[in-house]
Each structure stands twice: as C-alpha cells, then as structure tokens.
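The values are calculated or read from the model by the stated rules, or taken from the named source; none is laboratory data. Because the structure is a prediction, the values reported are computed rather than measured. Neighbour counts run over all protein chains shown; Cβ positions are idealised from the backbone, glycine included. To get the accessible areas, we keep the full protein, side chains included, count just its heavy atoms, and leave off ligands, DNA and RNA. Shrake-Rupley method; radii C 1.70, N 1.55, O 1.52, S 1.80 Å.
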Amino acid sequence: VSVLRDFFKDKEFFHQFRLIALPVAAQNFINFATSMADTLMIGQLGEVQLAAVNQANQLGFILNLFVFGLGSGSNVMIAQYWGKRDVVSIRKVMTLMYRILFAVVILFTFLALCFPYQVMSIFSNSPQVVESGTAFLRIVGLGYFFNCFATATIIVLRSVNTVRISLVVYLSSLFINVFLNWVLIFGNLGFPALGIAGGAIATVIARASELIIVSIFLFRYETNIVYELKMLLEKKNGLLKDYMEHAAPVIVNELLWGMGTAAITAIIGWMSTEFNAAYTICSVMAQLLSVAFNGAGSATAVIVGNTVGAGQYQLARKRANKLLIIGIALGGITSILVLLLRGPILSLYNMSPLTMTYAHQIMGIVAIMSPLSAFSMVTIVGILRGGGDSRFAAIADVVPLWAVAIPLGYLAGHVWGWAVPLVYVMLRSDLIIKTFMTLTRILRGGWVKDVTRVLE
C-alpha cells in the first residue's frame, strides 16, 4: 500500500523513465517492423525459404545477444560512472568493450563465410532448408561487423541519456532494408529476382548504413562522452580487472542465453518444417512484445544504475519497487494485445493449415506467459544488472533455461512425442522459475552494489 501511495511522487523518476523508455520502445518497434517486413516478403517465397532464413539467422542471433550482453555489461559500470559524472572511466570502459567486440565479430564472420553449411546443419535436418540457408548465411555474415559496432555504441549511449540517435539509425535502416528487399527479392526496377539471396544483400547494405550514421554521430556530434578513435590504441587502461568482474557475468549470461535460445530453435527445427515456420511467425510477435519490455528494461537499468552510482541506495530500492509495478502492468497489457492481434497478424501469411494451427496455438501460450516475460526483463536486465548484482542475474537467467526448459523441451518433443503446444510450454517453463528467483532476491534488498571506483 505504501508503495502505491508513493508511486507518483518521484517526478524525476518518471521523467527519466519516459526519456529513455519511449525512444528505446520506438527503436524496438522499428526493429519489429523490419523483421515483420522480412518475414512477410520472404514468406511469399514459401515455408522452406522462411524456415531457412530463420535458421540461418540463428548464428547472427547468438552474436547479437553477445553484443547486447557486452553493451549491457559495460552499462553496469557506465551507468554508475555517469551517476558520478566520471567520463574518463566511461571512455576506458568503452575502449575495452570495442576491443572485445572486434575479436568476437571476426570469429563469427569467419564461421558464417567459411562454414555456413555446417552451421545450418546444426539447426535443421531438412536438405532444402540447409541448402537455402547456407546461401543466405554466406552473404548476411558480411554485415556482422557493421551491425555489431553500431548496436553496441547505441546501447552504451543510453546510459548517458543519449537515446534519440537510435531512432535515426534504425528508421533509416528500416526504409533501406524494406526498399531493397522489394527490389532484390522480387526483381523490381529492372533487377533480377534473387529470392532470399536478395534479402541477404539488402540486410548487409542496411547494416552498413547503421554504422555510418552511428560513427558520424559518435565522432562529430556526441557531447556527453566525447569518445575519440585514437582511444582504441591506448595501452594503459586501468579498468580491465573491474570490467571482467562486473561486465563478464552479463556477457556470459547473454551468450549462454543466446545459445539456449538457439538450442530451442534446433529442437523445434528437428521436429517439423511446419512447427519451425510457425515458431518463426510467432518470433515476430515476441519481438512486438519486446517493444515495451526492452524499453522498460533499458530505462530500469539506467535509472537504477545512475541512482546507485550517485550513492542513493535507499532511493534505488524505492525506484525498483516502482519498476516492478510497471513491469507487471506492461505484461498484462501486452497479453491482451497478443490475443487481439493474433488473428489479424496470422491472416497476413500464406502458410499451410497445419502451420497456421501451430502458430495460433503458440501465440495463445505467448499471451499467457507475457507477464512473466515482462517481469523477467525488468528484474534481470533492469534492476539486478543496474544495481550491480550481475552475477545473480546471470544465474537466474541461465540456470533455469539450461537445467529445466531445454531438457524438458527436448524430452517432450523427441522422446515423449507430446503435441506441439505442450512442447512449446516446456521450452518456456524457465520463466516461472526466474520469476520466483528474482522477486525473492529483490525483496530481500541485497542486490544494491556500487561497482565503481576512482582511478589513481
């Protein structure tokens, strides 16, 4: 009751939440629109092509989650350093982030360009899907470098309350990607119809545009951090030990979570093409939900991190309680939206009756579980990471996935022969465990940890 009574008193909190959450939500909606356009256009080519692109994108999905983990892990420190207005330390954290990112991107690009068939064979046993996906992956891997550096920079800039640039970047990318998809996939304006290869080329060009815009902004117009390219070559950093202690758990968290999600995709992909295609369609709906969830989670991490960095620990706990209420409310709203939009969205696709039945059932499960998804995003990505408790956040996010959801999903689908909806429920069962783990941790209050220090 006291929390509800105090809910609207902190005007600075709501101002900062709106300042970050709304642009991030808008950015995620643009990303959703891009994915929606891709699946609709490629879906016109057939179920095999749609499944192939989804499976081929799993390598990039794992890489993007690593980038998100790297950026979010860096933000564990940057948000708190920004609370102290220690810009020198922020630059050092960014330098470490870029160096690690460069090494990882090289590895993933090598896999995509040199071993695309082997990668595709992990996710599907369909020769047609593997063959189509191999051609797509070999091209789209060329865009990994552009996408990763742009994304990591945008994530970091959120922690210093610079968020509008993301709208410019992703809105430009949306228009470029959709236009080139129309031209290259279907052969418009005199170009040959390249099918999914055309979609891959469009994606690479759109990703290159993202990096160009972000680089121009970072090195010419950004005024809070004022990062310079020469800082990448500085030998003495002084924050490597701190970075590995506080950022590494988030990086490992996202990487293991991404591998877990890829494992789920493989479990589904080895069951049937129809289940795989339905899952691909529903993944777009999940991305629509993330419009609100990621906006709330990103705002939570920055607000909590800035507050802890400023030494206002009790205020951080009070704001965390407000954010829990917001997360629960978002979950309820999105649950209703999924049920309302399920029919109209599915009507846009030209799939077999069995695929549409699976998609309809899966979306119903997504609607039921969306409050748990929202709660996990706010608590794990927002409160626990922002408060410096990144190790527990990693445990809560990864252990239920690998120890419970993946084994149960595999057994249900490949050993017990359960129906598709029940298999999907098993694959998402980790959300229930995460909710209890994170709620208990936050209510006990031991998650507030200052991860900053003054450099000599």
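As a check on your grasp of the helix formula, calculate [θ] at 222 nm for the chain: sum -39500 (n - 2.57) over DSSP H runs of n ≥ 4, divide by the residue count, round to the nearest 500.
Values: 18 runs with 347 residues, N = 456.
Theoretical 222 nm ellipticity from helices: -26000 deg cm²/dmol.
Would you mind checking region 224-252 for residues with the amide N under 19 Å from a putative spin-label position 7 Å along Cα→C-beta of VAL168? The answer is 224-229. Computed from phi, the 3J(HN,Hα) profile of region 292-306 under the Karplus parametrisation 6.51, -1.76, 1.60 (θ = phi - 60°) reads 7, 5, 5, x, 5, x, 5, 5, 4, 4, 5, 4, 5, x, 4 Hz, with x in place of Gly and Pro.
Taking amide H atoms as placed 1.01 Å from N in the peptide plane, the amide H of SER429 has no partner under 5 Å among residues 5 or more positions away or on other chains. In terms of its C-alpha gyration tensor, region 272-389 has a prolate overall shape, because the principal axis ratio a/c (a ≥ b ≥ c, square roots of the eigenvalues) is not below 1.5 and a/b outweighs b/c.
Under 5 Å between amide hydrogens, built in the peptide plane, is the criterion, and for GLN312 it picks out nothing among residues at least 5 positions away or on other chains. On a per residue basis, the chain carries 41 Å² of accessible surface, using protein heavy atoms and a 1.4 Å probe. When the Cα centres of region 208-248 and region 44-66 are compared, how far apart do they sit, in Å? After rounding, the separation between the Cα centres reads 30 Å. Sites listed here are GluC sites (Glu not before Pro) in region 206-308 whose DSSP assignment is loop and whose Cβ has at most 14 other Cβ atoms within 10 Å: GLU228, GLU234. By the gyration tensor of its Cα atoms, with a ≥ b ≥ c the square roots of the eigenvalues, what is the shape of region 18-73: rounded for a/c under 1.5, prolate for a/b over b/c, or oblate? Oblate. With a simple spin-label model that places each label point 7 Å from the Cα along the Cα-to-Cβ direction, the separation between LEU337 and HIS15 comes to 2.7 nm.
Placing one equal scatterer on every Cα of the chain and applying the Debye formula, the log10 ratio I(q)/I(0) at q = 0.06, 0.08, 0.10 Å⁻¹ is -0.25, -0.44, -0.71.
Translational diffusion coefficient of region 1-143 at 10 °C, 1.306 mPa s, Stokes-Einstein with Kirkwood Rh over Cα pairs, in µm²/s as a whole number.
Diffusion coefficient, whole number: 86 µm²/s.
The string of couplings for region 64-74 from the Karplus curve (6.51, -1.76, 1.60, θ = phi - 60°) is 5, 5, 4, 4, 4, x, 5, x, 5, x, 5 Hz, one whole number per residue in order, with x for Gly and Pro. Can you give me the C-alpha center-to-center distance between region 401-456 and region 253-307, rounded to a whole angstrom? A separation of 13 Å, based on Cα centres. Were the residues from TRP402 through LEU439 laid out at 0.36 nm apart, the gain over their Cα-Cα distance would be 11.3 nm.
The phi torsions of region 253-268, fed into the Karplus equation with coefficients 6.51, -1.76 and 1.60 and a -60° offset, translate into couplings of 4, 5, 5, 5, 5, x, 5, x, 5, 5, 5, 4, 4, 5, 4, 5 Hz, rounded to whole numbers, with Gly and Pro shown as x. In the chain, the sites counted are trypsin sites (Lys or Arg not before Pro) in DSSP loop states with at most 15 other Cβ atoms within 10 Å, and the longest stretch holding none of them, exclusive of the sites, is 237-452.
Let me check I've understood the local charge: for SER283, count other residues with C-beta under 13 angstrom from its C-beta, Lys and Arg +1, Asp and Glu -1. What total comes out?
Taking every Cβ under 13 Å from that of SER283, the sum is 0.
FRET efficiency for THR223 and TYR117, Cβ-Cβ distance as r, R0 = 60 Å, nearest 0.05? Write down the numbers at each step before the final one.
Details: r = 47 Å, r/R0 = 0.79.
The pair THR223/TYR117 has a calculated efficiency of 0.80.
From the Cα gyration tensor of region 174-269, with a ≥ b ≥ c the square roots of its eigenvalues, which class applies: rounded if a/c is under 1.5, or else prolate if a/b is larger than b/c, or else oblate? In terms of gyration-tensor shape, oblate.
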